[in-house]
Amino acid sequence: MTCAAGDEQWMRVALEEAETAAAAGEVPVGAVLVVDGVEVARAANRTIRDCDPTAHAEIVVLRNAAQRLGNHRVGGVLYVTLEPCLMCMGALLQARTRRVVFAAPDPKAGAAVSLYRVADDVRLNHRFAVEAGPFGEESAALLRGFFRERRAETS
């Protein structure tokens with residue numbers, strides 16, 4: 001895996017957001033959107049807090065970025081600690097994201113490379129780069145630890 005300039009820096013920000021989500025009892029996924037090297041928005045999963053099944057970190061970041069930029073086409077690069085699901089990939093398409101960098105693959109729901117390759121589908125009107133980025137093991141370990149604790153609480 002070859003990282004572009006800034007990938008490690010921005011993925012660290014996303015990991016901080018994932019840790020914030022875990023501390024709040026949310027699935028530990030964090031994301032940050034960067035446009036022209038500048039952070040536009042960052043977020044953690046908020047599905048439980050917001051009682052909203054669509055409040056994945058990626059969606060929250062896109063909502064915040066669109067408001068901040070005053071444009072629903074946010075573009076930019078999204079850094080996220082877990083491979084985006086089908087819903088999030090659809091939103092990233094609509095936002096005209098240029099590149100997505102994810103830390104850990106999601107073999108059960110990943111729509112970037114694991115189960116689907118939405119960003120490469122020539123039938124869609126927009127395509128963007130998707131790359132496995134840095135800190136995959138750290139992100140996966142955070143997720144494993146979170147779910148291990150959840151299972152222990154229900155046993």
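The values are calculated or read from the model by the stated rules, or taken from the named source; none is laboratory data. Since we're looking at a predicted model, the values are computed, not measured. Note that each Cβ is placed from the backbone with ideal geometry, even for glycine, and that neighbours are counted across all protein chains shown. For accessibility, only protein heavy atoms count, side chains too; no ligands or nucleic acids. Shrake-Rupley method; radii C 1.70, N 1.55, O 1.52, S 1.80 Å.
Here are the numbers for this structure:
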{"item": "Selection status of Glu131, of a type in the set (Asp, Glu) and touching a helix residue (DSSP H, G or I) at 6+ places or on another chain (Cβ under 9 Å)", "result": "yes"}
{"item": "Subset of segment 106-155 (residues that are modelled with pLDDT of 95 or more and among the hydroxyl-bearing types (Ser, Thr, Tyr))", "result": "Ser114, Tyr116, Ser139"}
{"item": "Qualifying residue in segment 48-58 (condition: under 20 Å from Trp10 (Cβ atoms), open to solvent by less than 20 Å² (accessible area, probe 1.4 Å) and free of Cβ contacts under 8 Å to residues at least 40 places away in the same chain)", "result": "yes"}
{"item": "Test set (1) of a type in the set (Asp, Glu); (2) over 13 Å from the mean Cα position of the chain (by Cα); (3) over 19 Å from Glu137 (Cα atoms) - Glu58 fails condition number", "result": "(2)"}
{"item": "Where a residue in segment 119-130 is aromatic (Phe, Trp, Tyr) and its partner, wherever it lies, is assigned to a loop (DSSP other than H, G, I, E, B) and open to solvent by less than 70 Å² (accessible area, probe 1.4 Å), with Cβ under 6 Å and at least six apart", "result": "Phe128/Thr97"}
{"item": "Selection within segment 90-122 - under 13 Å from the mean Cα position of the chain (by Cα), aliphatic (A, V, I, L, M), surrounded by fewer than 24 Cβ atoms within 10 Å (Cβ to Cβ) and assigned to a helix (DSSP H, G or I)", "result": "Ala91"}
{"item": "Residue that is nearest to Val60 (Cα to Cα) [pool: residues in segment 5-35 that are assigned to a loop (DSSP other than H, G, I, E, B), of a type outside the set (A, V, I, L, M, F, W, C) and in contact (Cβ under 8 Å) with a residue 24 or more places away in the chain]", "result": "Pro28"}
{"item": "Segment 123-155, residues that are aromatic (Phe, Trp, Tyr) and either open to solvent by 90 Å² or more (accessible area, probe 1.4 Å) or closer than 18 Å to Leu33 by Cβ (or both)", "result": "Phe128, Phe135"}
